[in-house]
Structure formats: C-alpha cells, structure tokens
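Written out below as structure tokens is the structure these notes cover.
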Amino acid sequence: MDKPTLVPLLLISFDIDGTMTFGDPPGPVPVSFVHAAIDAGHVVGCASDRTRSAQLALWSEHGAAIQFAGHKHQLTALRERFPAAVRFIHVGDTHVDERYATAAGFEFWHVDGAAAFLAHDWLDFNHLGPGPRASDAQQDARH
C-alpha cells in the first residue's frame, strides 16, 4: 500500500489594508488566494493593525474561516501555537509588516511582488518557492 504524500504545513498570515482586495486601501491579493491556502490544509490567518474582532468580522464577511487573528507584534506566538508548520509567511505591504515578520522569524512577502506569488499553483503548495520582496518588484519595474 502506498503511503499518502504529506504536504508540508505552511502558516500564512495576511495583513488586510493595502494587502487584500477588500482592504482600505485595497491591495492586490484576492480572497480566492486565501481560500486556496485554506483548502490546501494550511494554517491561514491575519496579523493586522485592526482590532481582532474587526479582523474576524471582515474575514467572515468574505467567507474565509481563518485560524488566527491578531496584531503584527503577536506573530512570534504563532510559532509556538502551531509547531507543526514548517514555514511561516507574512504577506503585507509596509516596512512595518516586514519588521514584525522578520523579527518573528517569518518570511516576508511584499505585495509589490504580488504577481509573482499569485502566479503559483496554490493548490500545490509543495513547490512553493521563496516569496517576493519589495526590492524584487522595484528592480523588475526598472527593467
């Protein structure tokens, strides 16, 4: 009998404003991207400047059953809360997002490079490479 292939568990945290299409201001990441990660069995949630209750209400309004919500300075606690995750990623749009993500040991994916990570086949997270950084997108824009 063949053993089932185990997909490495990712923990992906999303900022809202400037990141998600439903943010204020809107960002480039559609909620379908979040649904794909959830459907693939990964731990998906939110780290934002909004209150936890506002975050949960907004995600619920968009049909996304996220597994955590909190402020960016609380990212470190997620590493302890979800020890089975093999990669920790925060998707955001500001240097503040990057600062908190890297301080917590997360990969930071900047939305300026959204086209690069939205092009991935998100139903197959096994082949997920490193995410885009703002500097990558800025360099691409110059060429």
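Please treat every number below as a calculation from the coordinates, not as lab data. All values derive from a computational prediction rather than experimental measurement. As a convention, Cβ positions derive from the backbone with ideal geometry for all residues, glycine included, and neighbour counts pool all protein chains shown.
Numbers at a glance
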{"read-out": "Ranked 78, 56, criterion: other C-beta atoms within 10 Å, fewest first", "value": "56, 78"}
{"read-out": "Burial ordering of 14, 106, fewest other beta-carbon atoms within 10 Å first", "value": "106, 14"}
{"read-out": "Per-residue Cβ neighbour rank within 10 angstrom, fewest leading, 107, 80", "value": "80, 107"}
{"read-out": "For the stretch 1-90, diffusion coefficient by Stokes-Einstein and Kirkwood Rh (Cα), 10 °C, 1.306 mPa s, µm²/s", "value": "117 µm²/s"}
